[in-house]
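The values are calculated or read from the model by the stated rules, or taken from the named source; none is laboratory data. If you're wondering where the values come from, they're calculated on a predicted model, not measured in any experiment. FYI the Cβ positions are ideal-geometry reconstructions off the backbone, even for glycines, and counts take in every protein chain you see. Just so you know, the surface numbers come from the protein's heavy atoms only, side chains and all, with ligands and any DNA or RNA stripped out. Shrake-Rupley method; radii C 1.70, N 1.55, O 1.52, S 1.80 Å.
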Amino acid sequence: MTASSDRRLPNPTPRPDDERDQLERIWSTPKGWRILSAVNNTAVGVAYIGGAFLFFLMAGVLALVMRTQLSVPENQFLDQDLYNQIFTVHGTTMMFLFAVPAIEALGVLLLPQMLAARDLPFPRLSAFAIWAYMIGGLVFFSTIFYDLAPKGGWFMYPPLTLTEYSPGHNADFWLLGIGFIEISAIAGAVEIVVGTLKTRPPGMSLARMPIFAWSMLIFAGMIMFAFPAVILATMLLEIERSFGWPFFTAAKGGDPLLWQHLFWFFGHPEVYIIFLPAAGLVSMIVPTMARHRLVGYNLIVVALIATGFFSFGLWVHHMFTTGIPALSLGFFSAASMAVAIPSGIQVFSWIATMAAARERFRITTASLFVLGFLFIFTIGGLTGVLVALVPLDFQLHDSYFVVAHFHYVLVGGMVFPLFATFYYWITMVSRNQLSERVGRWVFWLMFLGFNIAFLPMHWTGLSGMPRRIWTYPPSLGWDGLNMISTVGAFILAAGVLLFVVDLLRRFRPGQRENENPWGAGTLEWLPADVYSTRSIPRVSSREPLWDQPGLAEDVEAGHYYLPNAPTGGRETIVTSPVEAEPEYIIRMPGNGWGHVWAAIFTAACFLLLTVKVVVPALICALLAIASCIAWAWQLDHGPGKEPVEIGGGIKLPTYMSGPSSHSWWAMSVLILVAASLYVAFAFSYLYLWLVSPQVWAPHGSPPLPTPSWAIGTALLLALGTAIIVVANRLLPAPGRRDIRGVLLLFLAAACLAAAGLVELFVHWNSGLRPTANAYGAMVYMASALNLQVAFAVLIMAGFTVARAFVGRVDRERRVTFDNTLMLFVYGVAQTLLGLILVHGFPRAVG
Amino acid sequence: MVHSGSPGQKQHVTSIVRLIAYLLAGPLIWAVQFSIVYAVHTLACAISPGETAIGGWLLLFMVGVTAASVAAALAILLCGRRIRRAVCGGSNAAGWTAYDIISGFLIILSVVAMSWSGVAIGLLETCDQTQM
Amino acid sequence: MSHSRPTTPMVPSLLGLALGGCEGVQSALSASGDEAHDIRLLLWIAGAVCAATLVLVLVFGILAFNGSARVRAWIARDQLIVSGGLVLPVVVLSGLLAYALLVLQAGAARSAFAGEPSVTIIGKRWWWKVIYRDSEGREVVSANELRLPLGQPISLRLITDDVIHSFWAPKLAGKLDMIPGRTNVLTVQSNEVGVSRGQCAEYCGGAHALMAFYVVTLPEEEYQAWLAREASKALPPATEAEKRGHAVFVESGCGACHTIRGTEARGTIGPDLTHVGSRMSLAAATLPNDANSFARWITDNQHIKPENLMPPFRHFKAGELDTLANYLDSLK
């Protein structure tokens, strides 16, 4: 865009004085203990990142304890059982309670600022996820103090983790801990997909998005397809532990490798889920320090997408030593090679950008951490190539070489960029910057400590030291290497400690004094307050602050879009997903307690279930649902307000339903998550058949019920669909109260639930039992998953009925209705697929 | 003023879906090729381990799928812009150049990945273990 | 608790086997088997390629900082990203991938050549049951030690009856898992007479760290002689003390879990003890094999190897423990 068109500001005239006060009032963060009810992304984002960092410190202490134990052979500092608990909690906490939440926290904190949105589209959803995660995470971690911690490793392979070999609640606490990260990850994915695609500032087409937004979009996309596999896996494991459905018991037709397939289908993408956003952060910091645009922006996007995609074709490289046919190993080795290329592209892009620096690349603490990242991550990537070579992995797998490799990848690829982020973006949330002088010490201690700790481990592993051992005999050539690693670990810890001290000294919550201390080019460096930027700019390049002179002043003076709060509440602009043209004004909920209670009761319910206190757990579940309903009751406010003018002659509606609405997008994301979960289930069903066809009906299990039952169930689903078509027509005109339509919606939901129950009934009648063998377990699991969706649809339909009763559902105010309808349609599709699989497949192959 | 499923809105949804399909054309072809080859190979070797008769057909099938996928990806690469204009619309504006580059390089990477799985097919015994 | 430290066994000198220094006895870098050799070569070559790549990246990184304006402008181009980040990796990785797959294929070919497995190793919590099949098809049960004839490919059938374990003798070959419901076959060929060490590589709970074993490679004739001896029944107690020791063994109920072929002890839960005195270690390479260790193990095994499935026995009258330990030690 040329300079002349920049002059055509949407709101060129001076703004009234009281607008800023109004914005401040609307977006204000509550004081005192009421801060718990806050939902603004800057407020909860700080809590989120703080919580994640706390878990990093605590899991880091566990690492030091382990390193102390391993410093000399035959050490008696820890006993065997405690060591096994500690390494499990260390891994689980670092992966699930630190890495993923830290990334999501940065998404919550930084993404809206980079997009100049006032907040993420579902502020209470983020807050809910955060509180559930904090409570659940702290309880999970504390189990280490009462000898209740899981000790099956962070990968929890059955059969070791089945009740027979892991009695007690320890393993259940692992399942609890991961349950919370599953919730907050899915919530985060919804937020981030809708946030990046729908709340960008006008003019920021996809091709102009900051790289961090790209990486978060891919992060969210990966969560949508990776997490369902682990959600299913944890469900299966907990069901086998609690009720004895033999999914993983070989003697009954199950297979321990099913767990490994599901776990690593999640687990490998998980590594990139952590790494890609961190790489995105680096791609933001490097151009600023070089004072030059990112060289190879398009190629970096290519690298991010390719990494995200190929990472789903690698999972078997964690299973190279399980005895899978060589050619299968070859496929996964090939894909593991393919995923190395995009990392090469990124590394050379960053180097090229540094070389392109105006004058010289600036050395700040943030850039030191970026350089440290480059060095460490490159080594980790190269050793990754080594472990991807199948025969080499036969030796390296489960040895200390792998420990070295993935710490290089994860600490290098995620922790160092995170520290760079702390130094670079601290002024987003603190009045003071961190000390650059102390920062140099922090960096060098961490960098040297890290390499001293982990470089020798490559040799330790090649000398034959396996992972996860609490003691080792002397004279195998491991003693000196282990001692060096321990010393390095403490040096690394000293660096982190120094950082914490500096953070405590300098961190002062509030707005920065210097708006743009590094002279960066992206929108998060615009002048901002609790309401984010005063007005929402129109951008015409990837670095608007560099290319659009006077942007900061004009934004601050309210010359751009939406300089006020025309609806009198929290709001931001929703734009189209590709070209980012304004579509409507989203009215967002403010601070509240419903989501807080929902989080508390969800956490309580999970905890009580873990220790098998069933009745109070159910009460908490009901309270959690009630809290969700109370929270959702205030949403879907309807088209009460007239369209508002945001500047530049653009008039936008303040309510939207249908495919443009953020709610439609969120529901679509959720349905994709549910669908990938069901696909993972269908894979599991077919996989177990392949392993143990002998337990399948009709030979190994009671014959299937007659086809008429399946046809009858399908007809029930068809009936529900027909009902919902009529229901849609019967919605009242705006302003009128008529509940016939929503009652039919409820009836349709009942048909869906009835279809699920009929399935259960006919299989029970045929004599099949879920505990008999893997086939029975899978058949009942299909129904369990269908009933789960039907239950959600029923609750949503009941909620819709209640709203219709007070006149809050009509032909225009229909988001609640539409969401229920969407999930219903999905439920019908899923149940039909289940029918085909359960009734059709055994007949087809039998 | 309330929109509900107006044509303009649907267009926005389909435009992003089409753009995503265009950007991800290469990786999507890779995903299909990878899934087919891996699944069929696992299935065939599990059902009739060690049978050379099926080995020959299996090998032929895997090579065929891989070659066809590579060819499809290259075809999109060569006439990508024309296909994009047909599928996504859009002009030759700056943004679209970026999408063309992204799509093109992703196809190249996918072709590499598919060729490498072809290398595995070429170098390794088709079925060698009774276990899957 | 210092008295209960697990101790590595001394290697009995009576075997007269050259160990070649303890360091490296479990190292993938001092390969003595065919597969381990191939893998080590792959490691050196792939490692060198990776090291060269790292140096290249570092050189570019340094030039990006300190290079002259001309060099920096040359680096700061899209072409560099394409050639360094795309073309270079494709070339290098294609070579490495093909090489690695050829090594894999060579291993598979060796396995096909080796024929039916003659040794079955069963992973247990937390020890190894080893069953040899001799030329007449008889099964010879032993534990925690694998003996191999020099220079012959031997297929090992790897199974488990509880949780997942992984058999890893780094000097011989890579590891292969033992998975419930599955049978995996690993082919090894040892080309050096001597002793090496291996360990369970897949975390199997509890005493995973103390689940190791020795691999003893013998010249063909010595191997056959050893196998014949191993197949024979236990030596009957020779001295009065050994007879008393045997009586203590029987009275204490040890036979419920352990077998001593040629006696009434036929338990199968714990390791076969027919020739336990001739093995290189006790408790899966946790203790040296001598009478004193037997005594310690019997009374204090939960300290030496926590959570192992054998209960401690401490009910002995004066002298009984020593006679029992001496008897077990005599089972050569």
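Annotations for the structure displayed:
- Rg followed by Dmax, in Å, when the stretch A:517-652 is reduced to its Cα trace: 21.1, 63
- Computed on the stretch A:699-846, with alpha-carbon pairs under 8 angstrom and 6+ residues apart, the relative contact order is 31 percent.
- Computed over the protein assembly as shown, the per-residue total of -39500 (n - 2.57) for DSSP H runs of n ≥ 4 gives a 222 nm mean residue ellipticity of -19500 deg cm²/dmol, rounded to 500.
- Note on A:247-258: average number of Cβ atoms from other chains within 10 Å of each residue's Cβ is 3.
- Kirkwood radius, the stretch C:116-229, all distinct C-alpha pairs, inverse of mean reciprocal distance: 14.1 Å.
- P(r) tail fraction, the stretch C:34-114 - alpha-carbon pairs more than 19 Å apart, %: 53
- Interface size A-B, as summed buried accessible area [1.4 Å probe, Å², nearest 100]: 4300
- Entry comment: accessible area of the protein assembly as shown is 34 Å² per residue, from protein heavy atoms only and a probe of 1.4 Å.
- Left without a cysteine partner by the 4.7 Å Cβ rule in chain A: A:C628, A:C751.
- Under 14 Å, Cβ to Cβ, from C:R182 - net charge with Lys/Arg +1 and Asp/Glu -1: -4
- Distance between the modelled labels on C:S232 and A:Q788, one decimal in nanometres: 6.3 nm (7 Å Cα→Cβ projection).
- Translational diffusion coefficient of the stretch A:1-84 (Stokes-Einstein, Kirkwood radius from Cα pairs, 37 °C, 0.692 mPa s): 174 µm²/s.
- Given in Å, the Rg to one decimal and the Dmax to the nearest whole number for the Cα atoms of the stretch A:727-846 are 17.5, 58.
- When you filter the trypsin sites (Lys or Arg not before Pro) in the stretch A:16-102 for DSSP loop state and at most 15 other Cβ atoms inside 10 Å of their Cβ, you are left with A:K31.
- Accessible carbon and sulfur surface of the stretch C:116-229 relative to its total accessible area, %, 1.4 Å: 46
- Angstrom value of the Kirkwood radius, inverse mean 1/r, which spans all Cα pairs in chain C: 22.5
- Relative contact order %, chain C, counting alpha carbon pairs below 8 Å whose residues are six or more apart: 19
- Contour excess over end-to-end distance, with Cα ends at C:I62 and C:V91 and 0.36 nm allotted per residue: 8.0 nm
- Fraction of alpha-carbon pairs over 22 Å apart in the stretch A:61-178 - percent: 46
- Charge tally for B:L77 (other residues, Cβ to Cβ under 14 Å; Lys, Arg +1; Asp, Glu -1): +2.
- Stretch gain in nm, segment A:W633-A:D21, where the contour uses 0.36 nm per residue and the Cα spacing is subtracted: 217.5 nm
- A:R587, C:R133, ranked by accessible area, largest first (probe 1.4 Å): C:R133, A:R587
- Lys/Arg +1, Asp/Glu -1 at C-beta; the protein assembly as shown dipole; positive extreme among A:S166, A:F243, A:L719: A:L719
- For the stretch C:233-330, the mean projected area of the C-alpha convex hull, equal to one quarter of the hull surface, is 5.6 nm².
- Exceeding the 31 Å Cα-Cα cut-off - candidates A:K31/A:K612; C:K175/C:K305; A:K252/C:K171; C:K124/C:K171: A:K31/A:K612; A:K252/C:K171
- Database remark: amide H of C:L309 closer than 5 angstrom to the amide H of C:W126 (H placed geometrically; neighbours at sequence offset of 5 or more, or on other chains; Pro and chain starts carry no H).
- Added length on full extension, which subtracts the Cα-Cα distance from 0.36 nm per residue, A:V72 to A:I619: 191.8 nm
- Entry note, chain A: relative contact order of 16 percent, from Cα contacts under 8 Å with a spacing of 6+ residues.
- Spin-label model distance (nm) - B:F61 vs C:K243, 7 Å beyond Cα toward Cβ: 7.2
- Set the Cα radius of gyration of the protein assembly as shown against 2.2 N^0.38 Å, with N its number of residues, and you get 0.96.
- Mean per-residue shielding of peptide C:55-65 is 5, counting Cβ atoms of other chains within 10 Å of each Cβ.
- Near A:G244: Cβ cut-off under 15 Å, other residues only, Lys/Arg at +1 and Asp/Glu at -1. The net charge is 0.
- Viscosity 0.890 mPa s, temperature 25 °C, Stokes-Einstein D of the stretch A:217-376 from Kirkwood C-alpha radius, µm²/s: 138
- Under the simplified labelling scheme, the C:A51-C:H303 pair shows an inter-label distance of 4.7 nm, with each label point 7 Å from Cα along Cα→Cβ.
- FRET efficiency for the A:S28 to A:E436 pair, using the beta carbon distance and R₀ = 35 Å, is estimated at 0.60.
- The lysines within cross-link reach of C:K243, meaning a Cα-to-Cα straight distance under 19 Å and a gap of 8 or more places when in the same chain, are C:K233, C:K317, C:K332.
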